[in-house]
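Undergrad: Please see the structure below; I have some questions.
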Amino acid sequence: MVELDQWLESKQGKIYRYKMEKIQYALDLLGHPERELPVVHVAGTNGKGSTIAFLNSLLVAQGFRVGTFVSPHMITVHDRICINGQPIPDTIFQALLEKLFILEQEVEKVYEPFRYFEVLTLVMLLYFKEEDLDFALVEVGIGGLLDTTNVVEPLITIITSVGLDHQDLLGDSLVEIAEQKAGIIKENAPIIVGPVESIVADICQEKARNQQAPIYFQGQDFLLERGIFRSQTQEFCDLKLGLIGQHQEENASLAIQAFSLLMAEQNRLIENQTVQVALEKTQWAGRLERVGQQGRIYLDGAHNLPAIERLVDFIQSEPTVQSTILFSALKRKDFGEMLDYIEKVAPQVRVIVTSFAYDGGIEEIDCPEGLLYEADYERFIKEWESNAASDERLFITGSLYFISEIRKYFQSRIG
């Protein structure tokens, strides 16, 4: 029997054509585990993971059994598929991999092999179907319309934000990308939309109208500001968030709105204290996450220009603090535009470019002229910790795969 972990990992980085009919065929053979799953489907350029983290915290605090499916993983692949915060047990994971390895041989008679993300999506669906969940919070991989996860029949859909990212797959314009994101809007399922440009809002509004889906816009139908959440039906006050950064108010408000709609559907009352405690306890790895002994190092997976803009906003909210950015990304990303933005908007920030052990990551030859390159990020971090003044901060950012590798480095130091 093939080593199943190796079979899965061999699919990393391979590019196959999007084929929704391939997944539908696989689901036919599996007996359609996606049907009747109580899914909240979450798409968006940024903010998907944080929104799911807040919503998961709220639902678990209310006593529900909640599955989460997110990507990429920070430590192990099991972290992508959790129930009430507990990763899928390896025995179950291996059994489901074996089932899909055998299934792939049948699917290959008609289509190409499964992609990495397709395997994990099918594992998630099979696992969640057997676990009697109250809710399953499912993050879109890329886009929405053609994403592997877009086989679910959601209770609610959320679009957190829409910006330029993955243009090679989704299109070069905001309109094209918005149409992909809006592809998750389903008939009669309420859609909640975060802060987006008017042209994006119009696309979502039109798709919702065609699907007869109630639509709720942040800033128009609900808002979280200065610790107070208000919507047409709810108000919660004295709210503090476990995740830092101004943008987390936007993500938390999306989660609270979804939570309110789900509870209203079940005629459940929501206590203000439940919301307070759940939001303040929320944690999400790699999003302005403090690491190191003195908490002066932040890990932030700002993997596209809109995310870099928000990171720079956070850095500039403390203008007296001297900041350094250690940056790495995938070659296929427009990392030059991200670095240009930092240099233009925050010229006082020292920027260091580095590499990491991932196929397709940037190398020294990719470092833009005029920026410093450091091949050994571990050495750089140690030197920064030894030499930096107490009021200095180090922000390690870029690809989420880079952040995952950095987190493992810091955890190995603790171990």
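Undergrad: Rounded to the nearest 20 Debye, what is the dipole magnitude of the stretch 289-414 about its Cα centre when Lys and Arg each give +1 and Asp and Glu each give -1 at the C-beta?
TA: With Lys and Arg at +1 and Asp and Glu at -1, about 420 debye.
Undergrad: Suppose every K and R has +1 on its Cβ and every D and E has -1 on its Cβ; what is the size of the dipole of the stretch 4-281 about the Cα centre, in Debye to the nearest 20?
TA: 140
Undergrad: Near the amide H of Ala302, under 5 Å away, which other amide H atoms are found, from residues 5 or more places off or on another chain, if H is placed in the peptide plane?
TA: Gly398
Undergrad: How many nm separate the modelled label positions at Thr274 and Thr76, each set 7 Å beyond the Cα in the direction of the Cβ?
TA: Inter-label distance under the simple model: 3.3 nm.
Undergrad: For Cα extents along the principal axes in Å, the choices are [x] 74, 47, 39; [y] 58, 56, 43; [z] 84, 48, 40; which was calculated from the structure?
TA: Among [x] 74, 47, 39; [y] 58, 56, 43; [z] 84, 48, 40, the one calculated here is [y].
Undergrad: Still on this model: Around Gly361, which amide H atoms from residues at least 5 apart in sequence, or from another chain, sit under 5 Å from its own amide H, with H modelled in the peptide plane?
TA: Lys331
Undergrad: Can I ask one more? When a footprinting reagent is the concern and you count Cβ atoms within 10 Å, what order do Cys82, Cys237, Cys204 take, fewest first?
TA: Ordered by Cβ neighbours within 10 Å, fewest first: Cys237, Cys82, Cys204.
Undergrad: In sequence order, what are the phi-derived ³J(HN,Hα) couplings for the stretch 74-80 according to the Karplus relation 6.51 cos²θ - 1.76 cosθ + 1.60 with θ = phi - 60°, rounded to whole Hz, with x for glycine and proline?
TA: Karplus values, whole Hz, x for Gly and Pro: 8, 10, 10, 4, 4, 5, 6.
Undergrad: Go through the stretch 368-376 residue by residue and turn each phi into a ³J(HN,Hα) via Karplus (6.51, -1.76, 1.60, θ = phi - 60°); whole Hz please, and just put x for glycine and proline.
TA: x, 4, x, 9, 7, 10, 10, 5, 9
Undergrad: Full extension from Asn267 to Arg65: what is 0.36 nm times the residue separation minus their Cα-Cα distance, to one decimal in nm?
TA: Result: 71.0 nm gained on full extension.
Undergrad: What does the charge count near Arg379 come to, summing +1 for each Lys or Arg and -1 for each Asp or Glu among other residues with Cβ under 14 Å from its Cβ?
TA: Details: positive: Lys382, Arg413; negative: Glu374, Asp376, Glu378, Glu383, Glu385.
For residues surrounding Arg379, the net value is -3.
Undergrad: Let me ask something else. Which pairs in the list Lys331/Lys382; Lys186/Lys331; Lys99/Lys207; Lys129/Lys331; Lys22/Lys333; Lys109/Lys207 are over 29 Å apart, alpha-carbon to alpha-carbon?
TA: Lys186/Lys331; Lys99/Lys207; Lys129/Lys331; Lys109/Lys207
Undergrad: Identify, among Ala95, Leu241, Phe128, the residue whose Cα sits farthest towards the positive end of the charge dipole of the stretch 4-281, taking +1 on the Cβ of Lys and Arg and -1 on the Cβ of Asp and Glu, with the dipole about the Cα centre.
TA: Value: Leu241.
Any read-out appearing in this document is the output of simple, stated calculations on the displayed coordinates, not a laboratory observation. Bear in mind that the values here come from a model prediction, so they are computed numbers and not experimental data. No Cβ is skipped: glycine too gets one built from the backbone with ideal geometry, and neighbour counts run over all protein chains shown.
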